[in-house]
Structure formats: C-alpha cells, structure tokens
Amino acid sequence: HQRLGHDELDQDLVVHGAAHRQRRIALHAAEIKRKQMPWSVTLIALAFVSAVVKDDAYLQQSSDVTPPPPPWRASAVQQLSKHFPTREFFGKPFLS
C-alpha cells in the first residue's frame, strides 16, 4: 500500500474520521503482530487493541474526551527560537 507523508496523512485522517482511523490502527496492529516477539504483555496489548479498533463508538468517545496537547511544546519552541533564531523547529504541535 502507498505510504503517505505526514501532512497527507493528517489531512487523510481529518477527512475520513473515526472509521478511517480504525482501519489505519488495525493495519498497524497487524504489522506489530507480524514483527514482534510474542511476549505475554505484547499479546495482552494486541488483544486489547484488536478489540478496541472494532468499536467505532469507543474510538469516537476516546477522541472526544482526549484533551488538546499541552502548551509546553509551543513555549519550548518559543524559548529555543530566542536562543537559536536561525534554527527551524519541525513537528506538529500535537506530536510532543
């Protein structure tokens, strides 16, 4: 399947919503299953993820109650920019 860049993936997730996120998470869970050693904790986590990604209502509710990212990243970038004015800082605000 085609790999999307970060901006394309962000836009893709916004457009297609919870159902699309569910499919993307299921693909990631399948990839984890394929690559990881079957440790007991891994098996428990994968069983949980496998059940959760099938529940659209749970995914939507989780998304609705997840708070926005903390403002500390913006503050850190602002402070770093003062010390390193020519430096470019990468990343989306919600990633850190």
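Computed from the coordinates by the stated procedures, all read-outs in this text should not be read as laboratory data. The shown structure was predicted, so the numbers you read here are calculated from the model rather than taken from an experiment. Backbone-built Cβ (ideal geometry, glycine too); neighbour counts: all protein chains shown.
Below, the figures for the structure above:
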| item | result |
| --- | --- |
| Hits in segment 55-96 - residues which are surrounded by 12 or more Cβ atoms within 10 Å (Cβ to Cβ) and of a type in the set (Lys, Arg) | Arg73 |
| Output for segment 43-96, where each listed residue is closer than 18 Å to Ala26 by Cβ and touching a residue at least 40 places away in the same chain (Cβ under 8 Å) | Leu59, Gln60, Ser63 |
